């Protein structure tokens, strides 16, 4: 008999606890928000009608091709245009290496539209311009190569890159003034910066030419 009474009491306790849990979980809990945390203005969420898609062609990484001439020109092209042949910047400079119209004419190219559409021509123009600047700077390359100006080791590749940026004449002024005449372009890139950034590449593959043209 005692065993049945104990069983009934145990069962009654289980029923009571189950009903209590059901009751407490079914009640809605209300929270009081402090006045300081209540928003007083209407806030609208910005919703984009379409997802922003990044094209694979837009994801460009700087090339690493060593210190040979190919590495030099690709590193310079990446700095100028991220290596894209069809780029025209806000100042009107064209192509992978950002040539001005005046420089193109000097090198024998008179149609800027066809120039933009012709990667092979752009590469030839770049090499012609390097050969021309190398001839203009030939004495300065011999005189200053390996020397330090304001903490930067002067190299042939650094001089040629700086000449591409600001012209061979301004590179001469920079060297003669030991860094005081430091010309910068409209975007803030200076001769001294290009001297450092493109120092130590091997550009001996390009021969100097007095009147290099395409």
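Laboratory data are not the source of any read-out in this text; all were calculated from the coordinates shown. It should be emphasised that the depicted structure is a prediction, and the values quoted were computed from it without experimental measurement. Note that we place each Cβ from the backbone using ideal geometry, even for glycine, and neighbour counts take in every protein chain shown.
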Need one number: nm distance between label points at residue 214 and residue 113, each 7 Å from Cα along Cα→Cβ, rounded to one decimal. 1.5
By count of other Cβ within 10 Å, fewest leading, how are 109, 171, 153 ordered? 153, 109, 171
Working note, segment 74-214: Cα radius of gyration (Å, one decimal) and Dmax (Å, whole number) are 14.5, 42
How far apart, in nm, are two points set 7 Å out from the Cα along the Cα-to-Cβ line at residue 153 and at residue 123? 3.0
Calculate the tail of P(r) for segment 122-185: the fraction of all Cα-Cα distances greater than 15 Å, expressed in %. 46
From a point 7 Å beyond the Cα of residue 135 in the direction of its Cβ, which residues of segment 90-119 have a backbone N at a distance under 14 Å? 106-108
Stretched fully, the stretch from residue 87 through residue 178 gains (0.36 nm per residue minus C-alpha distance, one decimal, in nm) 29.3 nm
Based on other C-beta atoms within 10 Å, arrange 90, 152 from fewest to most. 90, 152
